[in-house]
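A short worksheet on the structure shown next.
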Amino acid sequence: MSNSQKDAFYTFVLALFIFTFSITVTIIASYAIFKFDIHHYFLDQEANMGASKLMHNYNQMMNYLLNPFSGDFHLDDFRSSVNGRAHFSDCKNLFMLNFTVFILSGIYVFFRRKRRAHFNKTFLYITIFGIVLVALMAIDFDGFFVVFHKILFRNNDWLFDPSLDPIIDVLPDEFFVQCFALFFLLFEGLSFYKFKQKK
C-alpha cells in the first residue's frame, strides 16, 4: 500500500471515528435531554406517572440498549409488543456496532495520528453533505425520520402502535429532533475543524 493509499485509509477511518464519536456523545447526552423534556413537554402527565418513575423507565430502556450483557427488553411501567421488542433489539445491534467502530477507529487514529496526513478537503465535502441533510431535516423532519428508519431497518417494527407500545408516547418528535441536532452540531463542527486543520 502506497503512502497516498495509507493516507486515504487514515482519512476514512478518521471520518468514521468522528461519526461514531458524535453518535456516542449524543447517546450519553440523551439522558439529560430526556430529563429536560419530561418537564418541558409534560411527559410525566402524558404517561400519568411521576417524573422520577418515567426517568427510571428511560434508564431501563437505555441500559438494555447500552449493555451488551442485558437480557430481554423490559420496562417496569410500559408494556411492549413482540414487534416493539424486536425493534429495540435491532437498535441494540446498531448501538453495539457503533461502539465497536468507535473503539477500533479511535485506537487506529490514536496510533497513526503523527505518521499519517489526512485529506482536509474530504471533511469539507462531509460538512457540505451534512448541511444538506440538516436542511432536509429542517424542511420535513417527519419525512427525514421515515427515510432514516427505512435505510437502517429492513422491517416496519419501528412503526410503533401506542396502544401496544405506549413508550412511544413519551418519546416525542421534539426529543428526536434535539438528539439529531446535537449529533449534527458535533459531527459538522468536528468535520469542519478537520477541514481547517493543517495536515
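Taken together, the values in this text are just the output of simple stated rules run on the coordinates, not laboratory data. Worth saying up front: this structure is predicted, and the values here are computed from it rather than measured. Virtual Cβ from ideal backbone geometry, glycine too; neighbours counted across all protein chains shown.
What number in nm² do you get for the range 1-112 if you take the convex hull of its Cα atoms and divide its surface by four?
Numbers: hull surface 36.4 nm².
Taking a quarter of the hull surface, the average projection is 9.1 nm².
Considering only Cα-Cα distances, which of the following residue pairs are longer than 28 Å: Lys6/Lys121; Lys35/Lys194; Lys35/Lys121? Can you show the working numbers first?
On the way: Lys6/Lys121 16 Å; Lys35/Lys194 33 Å; Lys35/Lys121 39 Å.
Those over the limit are Lys35/Lys194; Lys35/Lys121.
Stick to Cα atoms and the Kirkwood definition of Rh, then tell me Rg/Rh for the range 25-66. Provide the component values of the computation, followed by the final result.
On the way: Rg = 10.2 Å, Rh = 10.5 Å.
Answer for the range 25-66: 0.98.
Loop-only check: which chymotrypsin sites (Phe, Trp or Tyr not before Pro) in the range 1-98 are DSSP coil with at most 11 other Cβ within 10 angstrom? Intermediate results must be reported in sequence, preceding the final value.
On the way: sites: Phe9, Tyr10, Phe12, Phe17, Phe19, Phe21, Tyr31, Phe34, Phe36, Tyr41, Phe42, Tyr58, Tyr64, Phe69, Phe73, Phe78, Phe88, Phe95; in loops: Tyr41, Phe42, Phe69, Phe73, Phe78.
Answer in residue order: Phe42, Phe69.
Sort Leu186, Leu97, Leu14 so that the residue with the fewest other Cβ atoms within 10 Å of its own Cβ comes first and the one with the most comes last.
Arranged by neighbour count, lowest to highest, Leu186, Leu97, Leu14 become Leu97, Leu186, Leu14.
Roughly how many Å is it from the Cα centre of the range 88-108 to that of the range 1-47, as a whole number?
11 Å
Taking only Cα atoms and a 10 Å spring cutoff, compute GNM fluctuations for the chain and point out the largest among Ile151, Ile128, Ile18.
Checking each option, the largest mean-square fluctuation is seen for Ile151.
If each Cα of the range 122-199 is one equal point scatterer, what is log10 of I(q)/I(0) from the Debye formula at q = 0.19, 0.25 Å⁻¹?
-0.90, -1.20
What angle, in degrees between 0 and 90 and rounded to the nearest 10, separates the Cα long axis of helix 120-139 from the longest principal axis of the Cα atoms of the chain?
30 degrees
Roughly how large, in nm² to one decimal, is the mean projection of the convex hull of the alpha-carbon atoms in the range 61-178? Can you show the working numbers first?
Working: hull surface 38.3 nm².
Hull-based average projected area comes out at 9.6 nm².
In Å and on Cα atoms, what radius of gyration and Dmax does the chain show?
According to the Cα coordinates of the chain, Rg and Dmax are 19.0, 62 Å.
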